[in-house]
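Please read the structure below before turning to the comments.
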Amino acid sequence: MKLRYILPAVASVALLGFNSACTDDLDVTPIDPSTLMTPDYDALLNKCYAHLALSGQETNDGNIDIDDLDGGTSGLIRQLWNSQELTSDEAVCGWGDAGIDTYDFGTMGSDHPMLNGLYNRLYVAITTCNFYLQEAAGYNATYTAEVRALRAYYYSILLDGWGGNVPFATTVSSEKPIQTNGTDLYNFIEKELNEAMPDLLEAKALKETDANYGRFNKAAADMLLARIYLNAKVYTGTAQWQKASDAAKRVIDLGVYKLSSDAQNGFSGYQKLFMGDNGTNGANEEAIFAVKMEGAHMNTWGASMFLMASCWDTDMKISSTVTSNNTKENWGGNRATSQLSSKFSLTEANSAGLYTDGIVAVAGDDRALFCSEGRQFSSASDLGTFKNGYAVTKYHNNKINGEAGSHAQFPDIDVFIMRYAEALLTYAEAQYRLGNSEEALKKIQELQARANVRINCGHKVNSISADGQEIIDEWCREFFFEGRRRTDLIRWDLYTGASYLWEWKGGVANGTSLKETAKLFPIPSSDLIANDNLKQNPGY
């Protein structure tokens with residue numbers, strides 16, 4: 001798989017190819033020595049952010065950064081979601097695309113096209129950030145801090161997926177990158193965020209129409225610190241529960257973010273987080289770090305379009321009055337496992353034949369955003385049929401005032417990479433790990449109150465048991481289909497063995513154990529060939 005990179009807004013546009021393990025082709029010396037090759041630093045900053053949403057140099061996913069994948073397939077949000085959700089107990093997909101089945105089974109190899117696409121996308125993004133920091137030194141202190149934080153975010157995904165055993169570089173160089181390790185990469189990310197923190201923008205809840213919406217601010221840096229601290233034992237072997245608690249508490253104590261709780265025009269506060277106007281409908285007050293999406297200007301297939309369209313077919317309904325996702329796209333691919341549905345106290349007997357409003361009523365929880373009408377509770381009998389497994393109606397392009405989106409085909413759903421609920425649950429888990437279950441319970445009850453979890457609901461949390469099952473289940477209920485589940489299961493030691501099974505785990509309909517080495521992704525074989533500094537992760 002080859003990567004391509006275009007320096008944005010240079011006087012003479014240069015098409016430059018490179019491999020993540022060998023970046024010697026990233027050379028901006030012009031063929032004509034008289035040509036001015038000064039990058040537009042503002043445009044280059046935009047490119048550092050653009051990797052979050054776009055696949056290439058054009059808003060319709062054209063002129064993509066990664067060869068051998070189409071624009072929609074190579075999107076960061078799409079491939080991060082696949083790697084986290086299809087490999088977990090939450091989602092399955094019945095498409096025949098190369099790599100989908102092994103994602104469903106959790107049995108990917110070093111030539112997995114989509115996993116390698118995620119890996120390569122991250123290195124395109126990191127190299128863009130390295131180039132900015134190298135070329136724009138001294139240009140703008142806030143921009144520099146943002147790019148350092150963005151690079152730390154991209155590296156954090158590599159730390160999480162590959163255990164940090166990945167190529168590492170902070171400059172654009174002809175030298176082949178060295179292979180780092182989990183502890184060193186963890187320490188780098190922590191140091192980068194702490195050093196960038198003073199120059200980052202102050203935390204503020206914004207609408208998508210406000211300046212600075214979607215920029216990496218101090219609260220986002222603290223949330224990323226909280227993430228790596230929460231998973232520090234997995235990454236380094238040493239737990240950092242107090243640091244995780246402290247970082248999450250700093251975000252909570254800011255007092256500038258709040259849970260989206262206000263229902264409006266038949267949509268709950270939770271539903272508003274994933275709608276076509278979530279950047280302005282009040283849900284934006286929960287968004288700490290958001291990727292702004294506008295269908296009229298960002299015709300991309302790999303971000304919120306994928307999150308929505310992959311989960312919908314034309315027969316799905318939220319209610320008798322909300323009967324579509326308000327776009328023309330219904331791909332019929334990703335749907336819930338019975339394990340996910342069961343987290344909401346749903347069974348095959350109590351939830352059949354209902355639209356989302358009926359499911360919510362049965363579950364007693366506003367977050368039970370499924371459609372069971374005409375569908376099977378489980379996918380275990382047939383992975384390839386979309387209606388085997390409840391459909392997920394979490395993402396849709398409707399607006400609370402009934403208006404259509406800005407584009408007939410592409411959605412306006414902003415993607416909230418970090419939201420306030422994560423700070424609450426991170427704090428709750430860290431406090432539980434520190435022995436303060438009562439403090440943990442308060443934050444979980446705050447989330448359940450927002451979701452209007454009914455008193456007689458089977459999953460209402462009134463106490464925290466010794467094994468903390470209520471906490472890991474609450475991570476699922478609050479964040480399902482948001483691209484983090486695999487990480488949570490690994491942290492709770494529920495991912496690989498036979499103690500917890502789900503549909504199609506290990507390639508068996510009712511589930512079987514995965515090998516311990518499946519906790520790490522394989523390094524692409526193409527990178528191993530290109531860079532003799534690298535060694536493959538164990539088990540591949």
Checklist entry - Per residue, how many Å² of accessible area does the chain show with a 1.4 Å probe? => result 35
Item to check | Estimated distance in nm for a label pair at ALA449 and ASN140, the labels positioned 7 Å out from Cα along Cα-to-Cβ | outcome: 4.1
Checklist entry - How much accessible surface does THR517 have with a 1.4 Å probe, in Å² rounded to 10? => result 50
Checklist entry - What is the spin-label model distance, in nm, from ASN401 to ASP262 if the labels are put 7 Å beyond Cα along the C-beta direction? => result 1.4
Checklist entry - Where a ≥ b ≥ c are the square roots of the eigenvalues of the C-alpha gyration tensor, would you call the chain rounded, which needs a/c under 1.5, or, failing that, prolate if a/b is larger than b/c, or oblate? => result rounded
Next on the checklist: So, R0 is 56 Å and r is the distance between the beta-carbons of THR38 and GLN242; what FRET efficiency does that work out to, to 0.05?
Outcome noted: 0.75
Item to check | Other-chain or far-sequence residues with amide H under 5 Å of ILE178's (modelled H) | outcome: PHE168
Next on the checklist: Using amide H atoms built in the peptide plane, which far-off residues or other-chain residues are under 5 Å from ALA91 H to H?
Outcome noted: THR337
Checklist outcome for this item: Amide H neighbours of ASN510 at under 5 Å, excluding residues fewer than 5 places away on the same chain, with H built from the backbone geometry, are TRP504
Checklist outcome for this item: For the LEU434, ALA408 Cβ pair and Förster radius 60 Å, calculated FRET efficiency rounded to 0.05 is 0.70
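If you average the sequence gap of Cα pairs under 8 Å that are 6 or more apart and divide by the length of segment 270-352, what percent do you get for the contact order? Write out the running numbers ahead of the final one.
Values: 43 pairs, mean separation 15.6, N = 83.
Relative contact order here is 19 percent.
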Checklist entry - For the chain, what's the relative contact order in percent, using C-alpha pairs closer than 8 Å and at least 6 residues apart? => result 18
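My understanding is that a pair violates if its Cα-Cα distance is over 22 Å; which of LYS292/LYS317; LYS249/LYS399; LYS317/LYS399; LYS207/LYS258; LYS394/LYS505; LYS317/LYS443 do that in this structure?
Pairs exceeding 22 Å: LYS292/LYS317; LYS249/LYS399; LYS394/LYS505; LYS317/LYS443.
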Checklist entry - Tally Lys and Arg at +1 and Asp and Glu at -1 over the other residues with C-beta under 12 Å from the C-beta of TYR235: what net charge comes out? => result +1
Checklist entry - Which percent of the accessible heavy-atom area of the chain goes to carbon and sulfur, probe 1.4 angstrom? => result 48
Checklist outcome for this item: Contact order relative to length for segment 426-487, counting C-alpha pairs under 8 Å separated by 6 or more residues, stands in percent at 27
Item to check | Antiparallel %, DSSP beta bridges [both residues in the chain], to 5 | outcome: 90
Next on the checklist: Counting other C-beta atoms within 10 Å, and keeping those with at most 16, which DSSP coil GluC sites (Glu not before Pro) do you find in segment 149-253?
Outcome noted: GLU175, GLU202
Checklist entry - Using mean Cβ contacts within 10 Å as the protection proxy, how do 111-120, 242-251 order, highest first? => result 111-120, 242-251
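Rounded, prolate or oblate, given the Cα gyration tensor of segment 278-327, with a/c below 1.5 counting as rounded?
Because a/c hits 1.5 or more and a/b fails to exceed b/c, segment 278-327 counts as oblate.
The values are calculated or read from the model by the stated rules, or taken from the named source; none is laboratory data. What you are looking at is a predicted structure, and each value in this text was computed from that prediction instead of being measured. Neighbour counts are summed over all protein chains in view; Cβ atoms, including those assigned to glycine, are modelled from backbone coordinates with ideal geometry. Please note that ligands, DNA and RNA were not included when accessible areas were found on the heavy atoms of the full protein model with its side chains. Shrake-Rupley method; radii C 1.70, N 1.55, O 1.52, S 1.80 Å.
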